[in-house]
1. Restricting attention to segment 255-270, and to residues there that are more than 14 Å from Gly95 (Cβ to Cβ) and open to solvent by 20 Å² or more (accessible area, probe 1.4 Å), which single residue is nearest to the chain's Cα centre (by Cα)?
2. For Leu200, are the conditions met, namely being surrounded by fewer than 20 Cβ atoms within 10 Å (Cβ to Cβ) and among the aliphatic types (A, V, I, L, M)?
3. Give just the number: which of (1) part of a helix (DSSP H, G or I); (2) within 30 Å of Ile89 (Cβ to Cβ); (3) at pLDDT 90 or above; (4) open to solvent by less than 60 Å² (accessible area, probe 1.4 Å) does Leu231 not satisfy?
4. Please state which one of Glu183, Glu190 is modelled with pLDDT under 85, surrounded by 19 or more Cβ atoms within 10 Å (Cβ to Cβ) and outside any loop (DSSP other than H, G, I, E, B).
5. Checking Asp81 against (1) farther than 17 Å from Ala171 by Cα; (2) open to solvent by 20 Å² or more (accessible area, probe 1.4 Å); (3) part of a loop (DSSP other than H, G, I, E, B), which single condition isn't satisfied?
6. Can you tell me which residue is farthest from Gln96 (Cα to Cα) among those in segment 230-288 that are of a type in the set (Lys, Arg) and free of Cβ contacts under 8 Å to residues at least 24 places away in the same chain?
7. Keeping to segment 68-81, report how many residues are at pLDDT 95 or above, of a type outside the set (S, T, N, Q) and over 21 Å from Leu29 (Cα atoms).
Amino acid sequence: MLSAFRILGLTYATMDKRNANSWAPNIGLDGFRKEQTAGREELLFNELHGERLIDKPHKHDFFIINLFDTASGTHTIDSIDYTIKDHQIHVLFPGQMHKWHIHAGTIGYQLMIERSFFEHFAPFFRFSFTNYQNHPVIDLTKEAFLQLHYEFESIKKELEREHSLIPLITARAGVIAAIVSREAEHVFTEFKVYQSVPRLAKFNMLIDEFFREQKQVAFYAEKLHISPNYLNILCKKYLKISATQLIHQRICIEAKRLLQSSESSIKEITFELGFADQAYFSNFFKQQTGVSPSDFREKR
């Protein structure tokens, strides 16, 4: 049986590649156990109160789900600044770079989850993980916030018990993932598209799995048992971009991450992303971002 990570379009191998040759610190779960509010080996619960500042980008080898109640500040994820606001959920996957400045008066809650435990409820995140990585911050309705707050508090209380029950925690974590997915679907247009057009959801997952090796639309169309032209028509109709542009977006996301967080040379990154020639990769990156790989790396 395929793991939940492969089903949802992100494999352990993919995540491990992101953690290789790291410039930025890669902090494991054990680094947070002293500050935990409650926890066990598989996951930690923390409360966020008041100002917190992390001014140097870093990454983790575990998953983080942050629920903000009353909040303000800036959370920078993969070089994009997100305004922290009341009633938000922030989802971080292993290997994503982040830093933040949480302002005084903020109240929030945090779940830190080991990969092995995350896999038990990962299918409740109903869309490709790349969707969540591209949209890691989701504004919540009041009703959704209250539902999530209840589940967070319930997990905290269970963790505080002398003999906490993992099946109960897993079930509540699954509810959290389902609510986050529902809210994401309401907020982001492409989530609605992927729900209503399963072929595009599958296309996105295939891109996650094969973008390093396969950059031609024809490969993905064959996997989907449709023609390249029809796949392109679907993308333009529902996503307003071509199938090729969707593939290029995914390559560019990974390129930015590697340039920011890896000691690998641009030549090594070129080959890791499946480009045969550094000049071709540099031209591709500049077309996508407006700057060369070396200039982007210097600005990190």
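1. Glu263
2. Working: surrounded by fewer than 20 Cβ atoms within 10 Å (Cβ to Cβ): no; among the aliphatic types (A, V, I, L, M): yes.
Considered against the rule, which asks whether it is surrounded by fewer than 20 Cβ atoms within 10 Å (Cβ to Cβ) and among the aliphatic types (A, V, I, L, M), Leu200 comes out as no.
3. (2)
4. Answer to the selection: Glu190.
5. Against the list (1) farther than 17 Å from Ala171 by Cα; (2) open to solvent by 20 Å² or more (accessible area, probe 1.4 Å); (3) part of a loop (DSSP other than H, G, I, E, B), Asp81 comes up short only on (3).
6. Per the stated criteria, the residue is Lys237.
7. Going through segment 68-81 one residue at a time, the tally reaches 3.
A quick yes/no check of all residues on (1) touching a helix residue (DSSP H, G or I) at 6+ places or on another chain (Cβ under 9 Å); (2) in a strand (DSSP E or B); (3) at pLDDT below 90; (4) open to solvent by less than 10 Å² (accessible area, probe 1.4 Å):
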residue: Ile89; (1), (2), (3), (4): yes, yes, no, yes
residue: Trp100; (1), (2), (3), (4): no, yes, no, no
residue: Ala104; (1), (2), (3), (4): no, no, no, no
residue: Leu111; (1), (2), (3), (4): yes, yes, no, yes
residue: Ser116; (1), (2), (3), (4): no, no, yes, no
residue: Glu119; (1), (2), (3), (4): yes, no, yes, no
residue: Pro123; (1), (2), (3), (4): yes, no, yes, no
residue: Glu143; (1), (2), (3), (4): no, no, no, no
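The values are calculated or read from the model by the stated rules, or taken from the named source; none is laboratory data. Here the structure is a predicted model, which means the values were calculated and not measured. Cβ sites come from the backbone with ideal geometry, for glycine too, and all protein chains shown count toward neighbours. All accessible areas refer to the heavy atoms of the entire protein, side chains included, with ligands and DNA or RNA removed. Shrake-Rupley method; radii C 1.70, N 1.55, O 1.52, S 1.80 Å.
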